[in-house]
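The values are calculated or read from the model by the stated rules, or taken from the named source; none is laboratory data. Here the structure is a predicted model, which is why all the values come from computation and not from measurement. Here the Cβ positions follow ideal geometry from the backbone for every residue, glycine too, while neighbour counts run over all protein chains shown. Protein only, heavy atoms only, side chains kept; ligands, DNA and RNA dropped before computing areas. Shrake-Rupley method; radii C 1.70, N 1.55, O 1.52, S 1.80 Å.
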Amino acid sequence: MLLQLTDVNKIYNGTLLLKHISLTIEDRDRIGLIGVNGCGKSTLLKLITEKILPDHVQEGDGEITRSSHTTIGYLEQMGGLEKGQTVWHEMHNVFQSLLEAQVRMRELETELASGSEAVAEEYHRLQTYFESNDGYQIDVKIKMVLNGMGFGADTYDRLISSFSGGEKTRLAIAKLLLEEPTLLILDEPTNHLDFKTVMWLEDYLKDYKGALLLVSHDRYFLNRLCTSICEIEHGVLTRYKGDYSAYTVQKETAVARQMKEYELQQKEIAKLEDYIARNQTRASTAKSAQSRIKQLEKIERIEKPITYQKQARVQFTYDVEPPQQVLQVQDSAIAVGNGAERKVLAEPVTFEVRRGEKWGIIGENGVGKSTLLKILQGQLPHTGKIRWAAQTKISYFEQESTNLHPAKTVMQEIHDRVPTWLDYDVRSLLGKVRITGEEVYKQVGVLSGGERAKVCFAVMMLDKSNILILDEPTNHLDIAMKEVIEDAMKTFTGTILFVSHDRYLLDQVADHILEITPDGVKTCKGGFQSWLDAAKKEEAAVNAAAQAIVAEQKKEEKSTYRSKEQRVKAAQQRSRMRQLEQQSEEMQAELDALNAEITKEEVYSDFNLMQEKCKRMETLRSELDAALEEMILLEEEMA
């Protein structure tokens, strides 16, 4: 057990935000923490990390215990770094104790000649600590993690302050991975990552030695990593076994069961109340009625489950059916700017879209995905041919919601589009996207990203368009609202083109994937998993072809006539390589033997002998490094 919460409560503004939370986190647990925005996820993480303390509702509650070996690494949504440090220095700070041990070891090596028993013991202790914690692999670890998180060698000397917010988040994740806490807590870690980096992170976390607690709206991420899902709903935490997909099935079953139990209990309560009402005032039956009252008081009331009906709330419809072929793009270029400042992001772009198809558009950041959507609608100039069929009507969801007027209230925004509607009609539409009560009188300019997105979806329902073009439609939404939009897109019978980093959405909705690259576009039939399988297959084929070319080149080189001098030189190189290999094996064997010897009391207690052994080890390491370097150079010459 790493950490245990027992009957933990938290009160905010007089309201019980978290109620009787109990949770045990074991070694190697993979837990996904989910819930609607504002449900208390961040509060729970602050309790776990002791940034805040629980509130006591009754005696003995609110206990949080850790095992002695538990260390916690916590990435907050706005995790901070030392802005004045370089990337390399910041990552090296993780290994400060190891680096200090290495410096001290070098100092002690010059003092071993003094014959001090304390010096020898300290050196042995530090060396054991350094080697058991992979001290010689520090730079290798740092480079591997930084490269996986998208930072090349050219970024190592840059100051943290020079990076964007998203890049700083990636650096914070890299630092946490290097720290290797026994409990790693990540709050929305995939928000600023592209596909390549997210998939690298998933693969890395799969083999992570400690436990993971992941707060994420990325359902694909939760599916790949989690073995249990914890949901906070109405202040109560419920834990479900399995990944996110398993959770959805269990949750639906649990809600249905609770509803059935609630309805049966309500029938029993109604029956008792009716009997009491009819018999309480009669002298002959008053005693029996009193018995029913006591029975009613003893009933432990089952709360009615609050269900959220997704299917019918958001629905995109249209009135006019377009032709079979709705869009034809031929030899167009994705470009920004005009004249001398025009920059081509990708070309040539050619593809066709048919009625009812749902195209997911993907690609690296900055490759031109949003630009393509604007070009298709004629908002930006283009080359080549872009032809929409007759009777097509487009509804566009833009990330920045520029089609909404910031000074208008939500009610005004809808009223101005449908002047004949009554307030009831407007509220009815907005209710479908969960904008209710006083929220309808908020100005659009003060709405959160998720709230603006909901207003845009309401407007799209009004449009009744047969073509939907969406740019990151689920970016600011919680999981519940994502599933609403996902269902609306899946059931829409018209045509959809959408840009998204939401792999779950891409896999569930898209029947075609269009990948934008600087060399043009690649298309794949199927959802995200189909594209991923095809990409892996293509990569394997490219690697196999490259290996075949190298093998053929080597074969040709071997069959090529070589002069007597070349043959003599090649023989000398092979001979020297065998000699170096043998010497390296002998040196490594001697080094291993010395490592074992200096752990023995008779050696480290004899100061002169200990000094002699350590000097020999340093000499062997230098000679072994030189031999390996020469072998690498020889291999390059012989290749």
Between helix 96-109 and the chain: long-axis angle, C-alpha atoms, 0 to 90°, nearest 10
10 degrees
How much mean residue ellipticity at 222 nm does the chain get from its helices, if each DSSP H run of length 4 or more adds -39500 (n - 2.57) and you divide by all residues, to the nearest 500 deg cm²/dmol?
-15500 deg cm²/dmol
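Normalise the Cα radius of gyration of segment 354-401 by 2.2 N^0.38 Å (N = residues in it) and let me know the number.
On the way: Rg = 12.1 Å, N = 48, 2.2 N^0.38 = 9.6 Å.
Taking N as the residue count of segment 354-401, the ratio is 1.26.
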Determine which lysines satisfy two conditions relative to Lys343: a Cα distance under 23 Å, and not lying fewer than 8 residues away in the same chain.
Lys369, Lys374, Lys385, Lys522
Label-point separation (nm) for Tyr204 and Glu131, each offset 7 Å from Cα along Cα-to-Cβ?
2.9 nm
Crossing angle, helix 117-132 versus the chain [Cα axis fit, 0-90 degrees, rounded to tens]:
50 degrees
Dipole magnitude of segment 100-195 about its Cα centre (Cβ charges: Lys, Arg +1; Asp, Glu -1), debye to nearest 20:
360 debye
Once all Cα-Cα distances of segment 1-111 are split into 5 Å bins that start at 0, what whole-number percent is in each one?
2, 9, 14, 17, 14, 12, 10, 8, 6, 4, 2, 1, 1, 0
Quick one: if the Förster radius is 22 Å, what FRET efficiency do Ala534 and Asn365 give, using the C-beta to C-beta distance and rounding to 0.05?
0.55
Theoretical FRET efficiency, 1/(1+(r/R0)^6), r = Cβ-Cβ of Ser575 and Lys555, R0 35 Å, to 0.05:
0.90
Three principal axis lengths of segment 393-464 [C-alpha, angstrom, descending]:
29, 28, 20
What ³J(HN,Hα) values, in whole Hz, does the Karplus curve 6.51 cos²θ - 1.76 cosθ + 1.60 give for segment 342-353 when θ = phi - 60°, with x put for Gly and Pro?
5, 10, 7, 8, 7, 6, x, 10, 9, 6, 10, 10
Quarter of the surface of the C-alpha convex hull for segment 235-315, i.e. direction-averaged projected area in nm², equals 8.2 nm²
Length-normalised contact order of the chain, Cα under 8 Å, at least 6 apart, in percent, tallies to 14 percent
Using only Cα atoms, tell me the angle between helix 286-298 and the longest principal axis of the chain; keep it within 0 to 90° and round to the nearest 10.
30 degrees
Spatially proximal aspartates and glutamates relative to Lys393 (Cα-Cα < 14 Å; intrachain offsets below 8 disregarded):
Asp319, Glu321, Asp463
Per 5 Å bin, what is the whole-percent P(r) computed from every C-alpha pair distance within segment 486-638?
1, 7, 9, 9, 8, 7, 6, 6, 7, 8, 9, 8, 6, 5, 2, 1, 0, 0
Cross-link reach from Lys175 to lysines, straight Cα distance under 24 Å and at least 8 residues apart if same chain, gives Lys41, Lys46, Lys51, Lys83, Lys141, Lys143, Lys196, Lys206, Lys209
So what is the diffusion coefficient of segment 261-368 in µm² per second by Stokes-Einstein at 10 °C and 1.306 mPa s, using a Kirkwood Rh over Cα pairs?
73 µm²/s
What length, rounded to one decimal in nm, is gained on full extension from Ala118 through to Arg257, with 0.36 nm per residue of separation minus their alpha-carbon distance?
43.1 nm
Averaging sequence separations of C-alpha pairs under 8 Å and six or more residues apart, then dividing by the length of segment 48-182, give the relative contact order as a whole percent.
44 percent
Size of the dipole of the chain about the Cα centre, Lys and Arg at +1 and Asp and Glu at -1 on the beta carbon, nothing else charged, in debye to 20?
3340 debye
In Å and from the alpha-carbon atoms only, list the Rg and Dmax of segment 445-553.
18.6, 65
Rounded to one decimal in nm, the spacing of the 7 Å Cα→Cβ label points at Gln412 and Asp478 is 2.9 nm
Accessible surface, per residue, of segment 26-101 when the full set of protein chains is kept, probe 1.4 Å, Å²
53 Å²
Surface/4 of the Cα convex hull for segment 191-268, nm²:
6.5 nm²
Could you give the nm distance between label points at Glu565 and Ser448, where each point is 7 Å from its Cα heading toward the beta carbon?
7.7 nm
Among (1) 75, 63, 46; (2) 109, 77, 43; (3) 113, 75, 52, which one is Cα extents along the principal axes in Å computed from these coordinates?
(2)
Please work out the average accessible area per residue across segment 421-476, using the 1.4 Å probe convention, and give it in Å².
41 Å²
Can you list the residues, at least 5 places off or on another chain, whose amide H is less than 5 Å from the amide H of Ala346, using H built in the peptide plane?
Ile334
Which whole-angstrom value gives the distance between the alpha carbon centres of segment 313-348 and segment 173-231?
35 Å
Solvent exposure of segment 121-190 as accessible area per residue, Å², 1.4 Å probe
42 Å²
Arranged from highest to lowest average of other beta-carbon atoms within 10 Å per residue, in what order do the peptides 206-212, 184-190, 374-380 appear?
184-190, 374-380, 206-212
Pop out the ³J(HN,Hα) list for segment 252-261 in order, Karplus 6.51 cos²θ - 1.76 cosθ + 1.60 with θ = phi - 60°, rounded to Hz; leave Gly and Pro as x.
4, 5, 5, 5, 4, 5, 5, 5, 5, 5
As a test of understanding, state the convex hull volume per residue of segment 379-519 from its alpha carbons, in Å³.
145 Å³
Keeping all protein chains in position, work out how much accessible area Val344 exposes to a 1.4 Å probe, and write it in Å² to the nearest 10.
60 Å²
When the charge dipole of segment 111-161 is computed with +1 on Lys and Arg Cβ and -1 on Asp and Glu Cβ about the Cα centre, the Cα farthest towards its positive end, among Met149, Leu159, Gln137, belongs to Met149
Cβ crowding within 10 Å averaged over residues, with 512-518, 575-581 ranked highest first
512-518, 575-581
Per the 1.4 Å probe, what fraction of the accessible area of segment 380-419, in percent, lies on carbon and sulfur atoms?
52 percent
In segment 2-123, what percent of the accessible surface is made up of carbon and sulfur (1.4 Å probe, ligands and nucleic acids excluded)?
47 percent
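May I ask you to give the percent of accessible area on segment 245-352 that is carbon plus sulfur, with a probe radius of 1.4 Å?
Carbon-and-sulfur percentage of accessible area, whole number: 48.
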